[in-house]
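Every number here is computed from the coordinates shown, using simple stated rules; none is lab data. Given the structure is predicted, the values throughout are model-derived calculations rather than measurements. Using ideal geometry, Cβ is built from the backbone for each residue, glycine included, and neighbour counts are taken over all protein chains shown.
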Amino acid sequence: MTLSVGDRAPEFSLPDQDKQVVSLADLRGTPVLLVFYPFAFSGICTGELCQLRDELAAYTDAGVTVLAVSTDPVFSLKAFKAQEGFDFPLLSDFWPHGAVAQAYGVFNEKAGMAVRGTFLIDAEGAIAFAEVNQPGDAREQSGWKDAVSKLAA
């Protein structure tokens with residue numbers, strides 16, 4: 001199932017790198033940029049998340065909460081966040097393995113990982129932007145920023 005603009009974003013509760021549970025329902029009232037990525041420490045994923053880290057103000061200044069999600073265990077995410085200095089939560093969709101990625105239509109069953117899916121969820125919980133890239137296909141983040149600016153307008 002692929003989600004489209006206007007669809008209701010599937011609810012989830014996932015642990016972050018510090019084992020603190022983050023729930024989409026708790027963030028209602030603020031927009032959320034949900035960035036699924038295959039694996040911590042992999043080349044393209046690290047580059048994408050470092051760009052997101054370096055340009056984080058483009059989102060936070062617009063009131064957007066940024067969440068990154070992979071199927072990695074929390075221990076890997078804690079080390080990844082510490083190494084790269086990320087200022088946003090890294091959520092673990094490890095168990096049940098990939099359940100949230102599946103709900104968003106971005107789970108690769110054969111590889112057991114999330115593909116590069118990006119969703120901007122508005123303050124009411126509807127998807128305002130959706131983009132899915134396949135493994136090895138790096139994302140162009142300008143589309144995310146455009147969607148955020150339209151949401152704020």
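Data for the structure
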item: Loop sites in region 74-153: trypsin sites (Lys or Arg not before Pro), DSSP, at most 16 other Cβ within 10 Å; result: Lys110
item: Sequence-separation-based contact order of region 1-112, relative, with Cα cut under 8 Å and 6+ spacing, percent; result: 33 percent
item: Rounded if a/c under 1.5, otherwise prolate or oblate - region 111-153, Cα gyration tensor axes; result: oblate
item: Which labelled figure in (i) 89, 39, 27; (ii) 38, 32, 31; (iii) 58, 41, 26 is Cα extents along the principal axes in Å, once derived from the coordinates; result: (ii)
item: DSSP-defined antiparallel bridges as percent of all bridges, region 27-153, nearest 5; result: 60 percent
item: Mean ellipticity per residue at 222 nm, deg cm²/dmol - from DSSP H runs of n ≥ 4 across the chain, formula -39500 (n - 2.57); result: -8000 deg cm²/dmol
